[in-house]
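Notes follow the structure.
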Amino acid sequence: MSAEITQFYETEFAKNWEMKVQQKDSRLLPTVTTDSFRGKRKWYNQLDAGVMTEVTERKGDTPDGDTTGTKYWIYRRKFEFVRTWDEDDEMQLGSIALPDSDEIASFTAAEARTKDDVIIQAFDGTRKVGETGTETETFPSGQSVPATYPPGGPMVSMGLTVQKILRAKKILDENEVDDEDRYFVTSSQQLQDMLNITEITSGDYVNVKALVDGEVSMFAGFTFVRSERLPVDGNGLRSCFAYHKSGIRWADAGRSVHIDVLPNKRHARQLRGVCRMGAVRVEDKRVVRVLCDETPGVS
């Protein structure tokens, strides 16, 4: 049976691959202190603040004094990215390219996101301290701004507000954290919250709108960084963080990329990217957790 010519029209297809929308770079790595190590763990030494004593007598005995401090530890964590292709995949794809080089780019993007995840976990995670690194130290409640802040009014959870930002600033100020290199990491929802709340004065609104629009990145002494990877608990509370660059230490422990033929898998071709890293909160006083409600109808 004859067919119309339209049924013979050719269908064309792309021969290459495109990456779906995703975060491709680490946004938090430039905001923390970086280091490197090769063992399974590494310790750091912290010196306690000193105190001066007044001299009230002539030719008196010189008092004794010892150096005191603490140890905290960073532990290596290992992550991998694996793609495996059957020995016939390249042939059966025909003119479509095998996405091996594209998957290397995908590994690099995944590694960047993993760096941010490890840093985020260090903000308020349990850290190892002490002489042998077996003691644990949890994040103190006094370094948190609750979702219901400010106190004194109805106990209503809210999104991010100017009052919460100023409270985080006050905590860092009272802890004598350096004014420079302060950061505040939030999701896009928190920036939107600040435009919606009624407490903002006209002057605040202009500054916040410029922040949301990307025209400026500074507010209340913080450089704001957006991350959609901050944790949200079962009650819809997202943990945002105000911190000093010296408050988090991230350490690189090596990376490698392997492309191999696997004889035991019928000569399948495998790409395997490996990265090793760790992060730790340097000192509790340099980090503030700010809880923000993201449940519908809030803010």
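The values are calculated or read from the model by the stated rules, or taken from the named source; none is laboratory data. Everything numeric here is computed off the predicted structure, so don't read it as measured data. In this analysis, Cβ positions are derived from the backbone assuming ideal geometry, glycine residues included, and neighbour counts consider all displayed protein chains.
Can you pull out the residues in region 178-216 that are surrounded by 14 or more Cβ atoms within 10 Å (Cβ to Cβ), at pLDDT 75 or above and either assigned to a loop (DSSP other than H, G, I, E, B) or basic (Lys, Arg) (or both)?
Scanning region 178-216 gives Asp181, Arg182, Ser187, Lys209.
Looking at Ser246, Ser239, can you tell me which residue is at pLDDT 95 or above and either of a type in the set (Lys, Arg) or in a helix (DSSP H, G or I) (or both)?
Every option except Ser246 fails the conditions.
Any idea which of (1) assigned to a helix (DSSP H, G or I); (2) within 24 Å of Phe241 (Cβ to Cβ) is the one Thr6 doesn't satisfy?
Just one mismatch for Thr6, condition (2).
Of all residues in region 55-101 being among the aliphatic types (A, V, I, L, M) and part of a strand (DSSP E or B), which is farthest from the chain's Cα centre (by Cα)?
For region 55-101, the residue satisfying everything is Val82.
Just give me the residues in region 217-235 being part of a loop (DSSP other than H, G, I, E, B), in contact (Cβ under 8 Å) with a residue 60 or more places away in the chain and over 12 Å from the mean Cα position of the chain (by Cα), in sequence order.
Asn235
Being surrounded by 14 or more Cβ atoms within 10 Å (Cβ to Cβ), of a type in the set (D, E, K, R) and not in a strand (DSSP E or B) is the filter here, so list the residues in region 119-170 that pass it.
If the condition is that a residue be surrounded by 14 or more Cβ atoms within 10 Å (Cβ to Cβ), of a type in the set (D, E, K, R) and not in a strand (DSSP E or B), then Asp124, Lys164, Arg167, Lys169 are the ones that fit.
As an exercise: evaluate Glu80 against (1) farther than 28 Å from Asn264 by Cα; (2) modelled with pLDDT of 95 or more and give the number of the one condition it does not meet.
The one condition Glu80 does not meet is (1).
Looking only at region 11-24, which residues are at pLDDT 95 or above and either of a type in the set (A, V, I, L, M) or in contact with an Asp or Glu (Cβ under 9 Å, 6 or more places away or on another chain) (or both)?
Within region 11-24, Gln23 is the sole residue that qualifies.
Looking at Ser101 and the list (1) modelled with pLDDT of 95 or more; (2) exposed (fewer than 14 other Cβ atoms within 10 Å of the Cβ), which single condition is not satisfied?
(1)
Would you confirm whether or not region 71-87 contains a residue that is of a type outside the set (Phe, Trp, Tyr) and either without any contact (Cβ under 8 Å) to a residue 40 or more places away in the chain or on the phi > 0 side of the Ramachandran plot (or both)?
For region 71-87, residues of a type outside the set (Phe, Trp, Tyr) and either without any contact (Cβ under 8 Å) to a residue 40 or more places away in the chain or on the phi > 0 side of the Ramachandran plot (or both): absent.
Just to be sure before I move on: is Arg83 under 24 Å from Lys20 (Cα atoms), touching an Asp or Glu at 6+ places or on another chain (Cβ under 8 Å), surrounded by 15 or more Cβ atoms within 10 Å (Cβ to Cβ) and not polar (S, T, N, Q) in the structure I sent?
Criteria met by Arg83.
Which residues, taken from region 1-23, are within 28 Å of Glu90 (Cβ to Cβ) and either in contact with a Cys (Cβ under 9 Å, 6 or more places away or on another chain) or loosely packed, with under 10 Cβ neighbours inside 10 Å (or both)?
Glu10, Thr11, Glu12, Phe13, Ala14, Asn16, Glu18, Lys20, Val21
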